[in-house]
Every structure is written in structure tokens, then in C-alpha cells.
1. Take the Cα coordinates of the chain, assign each an equal point scatterer, and use the Debye formula without solvent to give log10 I(q)/I(0) at q = 0.09, 0.12 Å⁻¹.
2. How high is the FRET efficiency between GLU155 and ASN219 when r is their beta carbon distance and R₀ equals 25 Å, given to the nearest 0.05?
3. Rounded to the nearest 20 debye, what is the charge dipole size of segment 3-176 about its Cα centre when +1 sits on each Lys and Arg Cβ and -1 on each Asp and Glu Cβ?
4. Between the alpha-carbon centers of segment 282-357 and segment 26-77, tell me the distance in whole angstrom.
5. Given the convex hull of the Cα atoms of segment 266-323, what is a quarter of its surface area in nm²?
6. Each residue of segment 154-167 in turn: what ³J(HN,Hα) in whole Hz from Karplus with 6.51, -1.76, 1.60 and θ = phi - 60°, glycine and Pro shown as x?
7. How much of the DSSP bridge set in the chain is antiparallel, in percent, rounded to the nearest 5?
8. How large is log10 I(q)/I(0) at q = 0.11, 0.17 Å⁻¹ when the Debye formula is applied to the Cα atoms of segment 202-271, each weighted equally and without solvent?
Amino acid sequence: MSGIGRREFIGAGAALLAASGLAQEKKIQGFDEKDPGALADEAWTPFSDRKVRVGIAGEGVCAFGSAFGFQNHPNVEVVACTDLDPERCKLLQSRVKAKRTYPSCQEMIAKEKELDAVYIATDAPSHVELAIMALDHGLHVASAVPAILGREQLEFIPKLLEAVKRSGKVYQMNETTAFRPQCFEMRKLYEAGAFGELVYTEGEYWHYGPSTGGVGSYNGWRNGLPPQYYPTHSNGFYTCVTHKRFTEVTCMGKPSTQVRYLRSNRYDNNPFGTEIALFRTEEGGMARMAVCWDIPSDGGEIGRCWGQKAFYTKDRYAGPNELVKGVQRKKPNLPPGVPAGDHGGSHGYLMDDFIRAILLGKKPEVDVITALNTTVSGIYAHLSAVKGGETLKIPSFSL
Ligand SMILES: NC(=O)c1ccc[n+]([C@@H]2O[C@H](COP(=O)([O-])OP(=O)(O)OC[C@H]3O[C@@H](n4cnc5c(N)ncnc54)[C@H](O)[C@@H]3O)[C@@H](O)[C@H]2O)c1
């Protein structure tokens with residue numbers, strides 16, 4: 001939740017919560033990481049006088065519908081919002097100042113006449129089908145992570161790619177890692193050639209949860225979730241830096257002793273609370289990506305890389321100065337009144353990147369190909385862990 005979002009939450013939101021009986025959720029990791037990193041000296045300059053008309057779906061445990069600041073952007077009009085839960089829908093409306101509400105995302109997509117784009121912040125299993133439906137209705141789509149969830153949804157990949165291609169609309173996955181200060185800087189340096197090819201990358205998503213359950217979820221989609229089915233915060237430290245992909249993976253997991261992984265679950269009774277993957281990268285290098293939920297840790301979404309010419313560890317570049325001369329490594333300023341938001345000050349940047357992609361006809365940093373490269377590789381990692389670490393090939397994607 002952003003600084004501004006949090007104030008609104010405590011004001012209008014708290015009244016609605018109290019009225020609705022919705023319990024205030026406990027603090028969730030990532031929602032107190034507001035530092036956007038060093039910002040460029042140049043002030044924000046307007047880039048269009050048009051407004052994108054956006055519909056927002058989902059205000060669940062993480063209140064992600066309101067957390068990305070669409071309601072604050074000068075080039076956005078929030079025309080509609082929705083949540084299946086009427087109280088959450090009302091709360092979302094109060095936070096994003098939507099003109100109209102709908103009882104479901106499907107109805108909003110089918111019936112709202114003023115929409116240009118939707119932001120899908122519903123539960124993870126619902127993202128891909130809602131995204132395809134919205135694209136088929138000629139709408140631009142920003143989706144919360146992951147793009148698809150688990151092996152059962154692999155069948156949606158060609159349908160999603162086809163929908164993006166046919167519609168010609170923007171599809172973006174809101175991977176927060178992509179606009180964390182470290183990942184942003186690594187990407188700018190990589191693009192400028194300051195690393196050469198990456199030889200080795202590490203990405204980690206540490207998020208310890210209590211034995212009987214972690215963060216809640218709609219219809220319990222987080223219960224027993226295989227860690228590498230949620231791989232985007234770690235894998236993003238390679239895919240969102242290089243815009244390249246992983247070609248194969250071997251992964252290992254240790255059966256958890258936590259109660260939440262000992263129960264039966266919808267993910268083939270997944271027993272793993274921690275999974276460590278070793279990927280071969282498209283550049284011929286290696287990437288070790290960890291998703292760890294059942295072991296105590298400091299928490300965090302962290303990445304490092306070692307290239308042929310330089311490395312990036314401890315949140316800083318170490319390499320020859322001449323390679324970074326003139327490289328703009330700082331995040332730009334956002335429009336006045338748009339908060340950078342949480343998860344390393346990434347929310348506002350993802351939202352702004354989506355709006356720029358629509359209005360300026362540019363590719364978003366996390367387009368459908370990067371989204372799938374970031375997400376699907378994790379699914380194969382989990383499948384490898386289930387097979388005791390067998391090396392599996394990872395498919396490539398194109399439009
Ligand atoms: N750092 C990150 O990138 C990050 C952090 C937190 C959450 N997330 C993602 O954000 C999304 C939301 O997370 P959450 O914890 O709030 O989810 P949640 O499961 O608590 O809530 C989902 C909400 O979506 C609503 N919903 C489901 N289907 C709908 C439909 N068809 N129409 C309208 N509303 C619908 C539900 O009523 C519920 O309120 C998830 O996909 C999660 O993976 C990403």
C-alpha cells in the first residue's frame with residue numbers, strides 16, 4: 001500500500017471496513033518497502049493530453065486493485081471497478097474513485113462501454129482467463145503476477161499469445177521486481193553493455209509464513225502453493241534485466257515440516273515450502289533462483305548478477321567506470337501526486353509504464369513474452385523438483 005493509499009485506507013477505507021465487518025489485514029511483507037531508490041534530476045514532463053479509461057478488478061487481502069495509483073495518474077480516468085465481494089467492491093470504489101461498479105470482472109469487461117484498459121488484481125488462478133477475455137474485447141491488459149498459475153494452466157499459453165497478437169493491445173504483467181531500484185539499475189547497465197553477457201545470476205524470494213498458514217487468499221489459492229509456481233520475484237532478476245529467457249532447469253525441494261504443507265492441497269499435494277532452481281540461461285550462463293517460504297529469514301526479494309565485465313552485488317555496480325559513463329541509471333520521476341508505492345517503490349512505475357505503452361505505442365518492460373519467460377520457467381522448475389531434480393527443457397515463446 002502506498003503512502004497516499006495508506007492515508008486513504010485509514011480514512012475513508014477504515015470507515016468502510018468497520019461498516020462492512022472486513023477485518024483489517026496484518027502487515028504483509030513487501031508493503032513497507034517504499035523507497036524507490038535514487039531518482040533522476042529531471043522533473044516529470046507530460047507526454048500526452050489523452051486519458052486512458054481504466055477498469056480495476058480485485059481488492060483482496062493485498063488490496064492490490066487500489067495500490068498501483070491508477071487513480072492518481074494525470075493520463076488515467078478510472079471509470080469502473082469490481083470485486084466479487086460487494087463490500088470489497090465498495091471499498092475499492094472509495095479508494096480509486098471509480099464512476100461505476102460491477103459485480104464481476106467478466107461483467108465489467110462485457111458491459112462497460114467506456115473502457116480502454118483493465119487492471120486485473122484478482123486471485124492468481126483467475127488472471128489468464130480474464131486477460132484473454134479482456135484482450136478479446138479489445139482492451140489493454142495489466143495483470144498482477146503470475147501470468148498463469150501452475151501446470152494446469154500451461155494450456156492457456158497459446159491462447160494468451162494469440163489474444164495479444166490478434167488484438168494488437170498491450171499486455172503487461174505487473175512484476176514488481178522489474179522496478180525495484182536494483183533491478184532497474186541492473187537493466188539499464190545491462191542494456192548499455194556494462195556487464196557483457198551475464199554468466200551467473202542469483203534471485204531470491206524469501207517470505208516466511210507461520211506453520212499453519214501464511215497470507216490469506218480467495219478460495220485458498222495460496223494453500224500449499226508450490227513455491228516455484230510463484231517464481232516471478234526471483235526470476236525477474238534475470239528476465240526483467242536482460243529480457244532473455246531460461247532454456248532448461250533442474251530444481252530441488254525439501255518436503256516441509258510445516259503444517260500447511262502436510263495437509264492435502266490442490267497442487268498434487270505439493271509437499272515443498274522451499275524450492276531452489278538452477279536454470280540454464282539463453283546466454284549460456286547459469287541462474288540460481290530461490291523461493292523460500294517455510295524457513296525463517298530476513299525476508300525480501302533480492303538479486304545479484306555477475307557478468308563477463310562487471311558484477312552487481314550489495315545493491316551496487318562494481319566494474320570499470322568507462323562502461324557506465326553517461327548511462328542513466330536512476331529511476332525517472334513520476335507525475336506529481338503519483339506515489340512510487342510499495343515493493344521497492346515499484347507500483348507507480350509499473351502503472352506508468354503501462355499507460356505510456358498504451359499512449360506512446362511502446363513495449364512495456366514486462367510484456368507478454370517477458371511475463372511468460374518469468375512465470376512458466378518456474379512451473380517447469382517445480383515439475384523438476386517433483387521428479388527429484390530431473391533436467392527439463394523450458395519452451396520459448398513468440399508472437
Ligand atoms: N509483489 C507482487 O507483485 C504481489 C504482491 C501481492 C499480491 N500480488 C498478486 O496480486 C493479486 C491479488 O492478491 P491478493 O492477495 O489481494 O488476492 P486475494 O486472493 O486475497 O483476492 C482476490 C480478490 O479478487 C476478487 N475476485 C476474484 N475473481 C474475481 C472476478 N472474476 N471479478 C471480480 N473480482 C474477483 C476476490 O473477490 C478477491 O477479493 C494476486 O494475483 C497476487 O498474486 C502480487
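1. -0.50, -0.93
2. Given R0 = 25 Å and the Cβ-Cβ separation, E is 0.80.
3. 400 debye
4. If we compute the Cα centre of each part, the gap is 18 Å.
5. So the mean shadow area of the Cα hull is 6.1 nm².
6. Each residue's phi maps through the Karplus curve to give 4, 5, 7, 4, x, 5, 5, 4, 5, 5, 5, 5, 4, 7 Hz.
7. 50 percent
8. For segment 202-271, the Cα-only Debye profile gives -0.33, -0.73.
Values quoted throughout were computed directly from the atomic coordinates according to the rules given, and no laboratory measurement underlies them. It should be emphasised that the depicted structure is a prediction, and the values quoted were computed from it without experimental measurement. Positions of Cβ are generated from backbone atoms using ideal geometry, with glycine treated the same way; all protein chains shown enter the neighbour counts.
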